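Here the structure comes first, spelled out in structure tokens, and everything after it is commentary.
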Amino acid sequence: TEHQMRTALWPLQVSLFNRLKNDTALTARAKVYDSVSESAAMPYVTVGEDTSVDNGNKSYDGEIITHTLHVWSSYNGRKEVKELMNTVLQSVTSKPLSLEGGFFVEDTRLDLMQVLDVNGSPAKHGVIRFRFKITHEEAKV
């Protein structure tokens, strides 16, 4: 039978942002932004791109969401960006994220970490992508 599908993209982003924003180990060293102005002082962490693919079956609805976070550092070298990336990794994986709307995070995995040079600058750009297995509670009728 046909049924209406939903996505946890927004609830997951809200939960990720709140987790990072409330992590004192991270915010003592870097700001956390959903949207950042070009004049913002580094270091900071920004919410990035996400993807969703269906992972449901006949018994339940679900999806696999990847979500990318970006870490920006003007430190001359890779030490600061890698330390901040480690702090973000620990924060996101310390305990399951709580989602609103009847969505549940079944599993959280690191998908990718990468440090990039920023052209013409000593700044570094850290990319951290997580993979979340999400299940959806069936709507109560």
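The values are calculated or read from the model by the stated rules, or taken from the named source; none is laboratory data. What you are looking at is a predicted structure, and each value in this text was computed from that prediction instead of being measured. FYI the Cβ positions are ideal-geometry reconstructions off the backbone, even for glycines, and counts take in every protein chain you see. Ligands, DNA and RNA are stripped out before the accessible areas are found, and what is left, the full protein with its side chains, is counted by its heavy atoms. Shrake-Rupley method; radii C 1.70, N 1.55, O 1.52, S 1.80 Å.
Of all residues in region 45-91, which are of a type in the set (Ser, Thr, Tyr), open to solvent by less than 60 Å² (accessible area, probe 1.4 Å) and in contact with a helix residue (DSSP H, G or I) (Cβ under 9 Å, 6 or more places away or on another chain)? Give the steps one after another, and end with the answer.
Step one: list which residues in region 45-91 are of a type in the set (Ser, Thr, Tyr), which gives 46, 51-52, 59-60, 66, 68, 73-75, 87, 91.
Keeping just the survivors that are open to solvent by less than 60 Å² (accessible area, probe 1.4 Å) gives 46, 52, 66, 68, 73, 87, 91.
Answer for region 45-91, where residues must be of a type in the set (Ser, Thr, Tyr), open to solvent by less than 60 Å² (accessible area, probe 1.4 Å) and in contact with a helix residue (DSSP H, G or I) (Cβ under 9 Å, 6 or more places away or on another chain): Ser52, Ser73, Thr87, Ser91.
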Notebook entry, point to check: What's the number of the condition Asn119 fails, among (1) over 30 Å from Ser39 (Cα atoms); (2) out of contact with any His (no Cβ under 6 Å at 6 or more places or on another chain); (3) modelled with pLDDT under 90?
Noted result: (1)
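Kindly indicate whether Glu106 is free of Cβ contacts under 8 Å to residues at least 60 places away in the same chain, closer than 18 Å to Ala123 by Cα and acidic (Asp, Glu).
Working: free of Cβ contacts under 8 Å to residues at least 60 places away in the same chain: yes; closer than 18 Å to Ala123 by Cα: no; acidic (Asp, Glu): yes.
No: the conditions fail for Glu106.
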Item checked: Output for region 3-34, where each listed residue is in contact (Cβ under 8 Å) with a residue 12 or more places away in the chain, closer than 19 Å to Asn86 by Cα and either open to solvent by 30 Å² or more (accessible area, probe 1.4 Å) or not in a helix (DSSP H, G or I) (or both) -> Phe17, Arg19, Asp23, Ala25, Arg29, Ala30, Lys31, Val32, Tyr33
Check: Residues in region 26-50 that are more than 25 Å from Glu100 (Cβ to Cβ) and among the aliphatic types (A, V, I, L, M): how many?
Finding: 5
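Yes or no, residue by residue, for (1) in contact with a helix residue (DSSP H, G or I) (Cβ under 8 Å, 6 or more places away or on another chain); (2) modelled with pLDDT under 95; (3) aliphatic (A, V, I, L, M):
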| position | (1), (2), (3) |
| --- | --- |
| Gln13 | no, no, no |
| Arg19 | yes, no, no |
| Thr24 | no, no, no |
| Arg29 | yes, no, no |
| Ser35 | no, yes, no |
| Ala40 | no, yes, yes |
| Pro43 | yes, no, no |
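Quick check on region 92-121: of everything there that is in contact with a Leu (Cβ under 8 Å, 6 or more places away or on another chain), open to solvent by less than 50 Å² (accessible area, probe 1.4 Å) and not aliphatic (A, V, I, L, M), which residue is nearest to Val14 (Cα to Cα)? Explain how you work it out, then say what you get.
The first filter runs over region 92-121 and keeps only residues in contact with a Leu (Cβ under 8 Å, 6 or more places away or on another chain), leaving 92-93, 97, 99, 103, 105, 108, 110, 113.
Right, trim to open to solvent by less than 50 Å² (accessible area, probe 1.4 Å) and you get 92, 97, 99, 103, 105, 108.
So of that shortlist, the ones also not aliphatic (A, V, I, L, M) come out as 103, 108.
Details: Phe103: 13, Thr108: 16 Å.
It comes out as Phe103.
Does Lys124 meet the test of being surrounded by 12 or more Cβ atoms within 10 Å (Cβ to Cβ) and within 12 Å of Val81 (Cα to Cα)? Break it down into steps so the answer makes sense when it comes.
Values: surrounded by 12 or more Cβ atoms within 10 Å (Cβ to Cβ): yes; within 12 Å of Val81 (Cα to Cα): yes.
Answer is yes for this residue.
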Next item on the list: Quickly run through region 119-141 and pick out the residues that are without any contact (Cβ under 8 Å) to a residue 12 or more places away in the chain and among the aliphatic types (A, V, I, L, M).
Entry: Val141
